[in-house]
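Right, one structure below, let's go through it.
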Amino acid sequence: MLTNFAELPKYISTLQTSNPNTVVKWFHNPNGSSHVATFKYIFWAFGPAINAFHLCRPVISIDACHLRGSYKGKMLIAVTKDANNNILPVSYAIVDEETTHSWSWFLYQFRHFVAQDRQLCVISDRHQGIIHAMANLEEWEEPLGYHRFCLRHIRSNLMKKYKNVRLKSFCWDTGSTTQKRKFVKYKKQIKAINLEAWQYLDQIDKSQWCLFFMMKIVDGGC
């Protein structure tokens, strides 16, 4: 593990030497010294992972986590799954904060240097930075990019507000069913348990977390 960000360029250079076709992109702090470039973000994707990604399903999940240690920051990551359901990490970034700008920068790099012109579905939590980037970057306009919300995150957020084992189960059932009859059934069961819980779910665009509504879009709204 790096103990000093000053070692990062040497470390990244070694990664590129060991992994041909690895992509690395830097974004330097515009307020840094004219003599010393201070990095604000760094994006990288290993060459072998990029090659493997283009053989996987056209779906990526993106998320962020805190960095531990002396130097605070966030790591952004994009992963996919292969035909055997194995998780493949595709690209990473170290940023100072999880913001609209950092997510937009990350997704821009991913589109231009990893995904290129491949059509993709992007699954994420409902962080406003991701929502804004997916809605405003030309590179991710439909049909090149489709943004959907992670059902696990929606269920987890629901449980933070309304702790109930049955609600947890019905939330998952509501989001994962493709049948109208079952969707209506689970909706009624959630409302019967806690009307406020359904009102919370109802204000989230159902075409972005409920398979039944996604299927309606695919089928032309019928």
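The values are calculated or read from the model by the stated rules, or taken from the named source; none is laboratory data. Fair warning: this is a prediction, and the values are worked out from it, not measured in the lab. Here the Cβ positions follow ideal geometry from the backbone for every residue, glycine too, while neighbour counts run over all protein chains shown. To get the accessible areas, we keep the full protein, side chains included, count just its heavy atoms, and leave off ligands, DNA and RNA. Shrake-Rupley method; radii C 1.70, N 1.55, O 1.52, S 1.80 Å.
Please enumerate the residues belonging to segment 66-104 that are among the polar types (S, T, N, Q), more than 19 Å from V24 (Cβ to Cβ) and surrounded by 15 or more Cβ atoms within 10 Å (Cβ to Cβ).
Filtering segment 66-104 down to residues among the polar types (S, T, N, Q) leaves 70, 80, 84-86, 91, 99-100, 102, 104.
Those left that are additionally more than 19 Å from V24 (Cβ to Cβ): 70, 80, 84-86, 99-100.
Across segment 66-104, the qualifying residues are T80, T99, T100.
I'd like to check something: does segment 109-126 contain any residue that is of a type in the set (A, V, I, L, M, F, W, C) and touching a Pro at 6+ places or on another chain (Cβ under 6 Å)?
There is at least one residue in segment 109-126 that is of a type in the set (A, V, I, L, M, F, W, C) and touching a Pro at 6+ places or on another chain (Cβ under 6 Å).
Hey, can you tell me all the residues within segment 76-108 that are more than 16 Å from I42 (Cβ to Cβ), touching a residue at least 12 places away in the same chain (Cβ under 8 Å) and not in a loop (DSSP other than H, G, I, E, B)?
Once the filter is applied, which keeps residues that are more than 16 Å from I42 (Cβ to Cβ), touching a residue at least 12 places away in the same chain (Cβ under 8 Å) and not in a loop (DSSP other than H, G, I, E, B), segment 76-108 yields V79, T80, K81, L88, T100.
For S61, are the conditions met, namely being modelled with pLDDT of 95 or more, in a helix (DSSP H, G or I), of a type in the set (G, A, S) and open to solvent by 10 Å² or more (accessible area, probe 1.4 Å)? Reasoning before the result, please.
Details: modelled with pLDDT of 95 or more: yes; in a helix (DSSP H, G or I): no; of a type in the set (G, A, S): yes; open to solvent by 10 Å² or more (accessible area, probe 1.4 Å): yes.
Here the answer is no, as S61 does not meet what is asked.
Only residues that are part of a helix (DSSP H, G or I) and crowded, with 17+ Cβ neighbours inside 10 Å: list them for segment 109-121, please.
Q109, F110, R111, V114, A115
Name the residue that is nearest to the chain's Cα centre (by Cα), counting only residues in segment 118-173 that are under 29 Å from A52 (Cβ atoms) and of a type in the set (D, E).
Checking each candidate, the answer is D125.
Hey, can you tell me all the residues within segment 6-39 that are surrounded by 12 or more Cβ atoms within 10 Å (Cβ to Cβ), at pLDDT 80 or above and either among the basic types (K, R) or touching a Leu at 6+ places or on another chain (Cβ under 9 Å) (or both)?
T22, V24, K25
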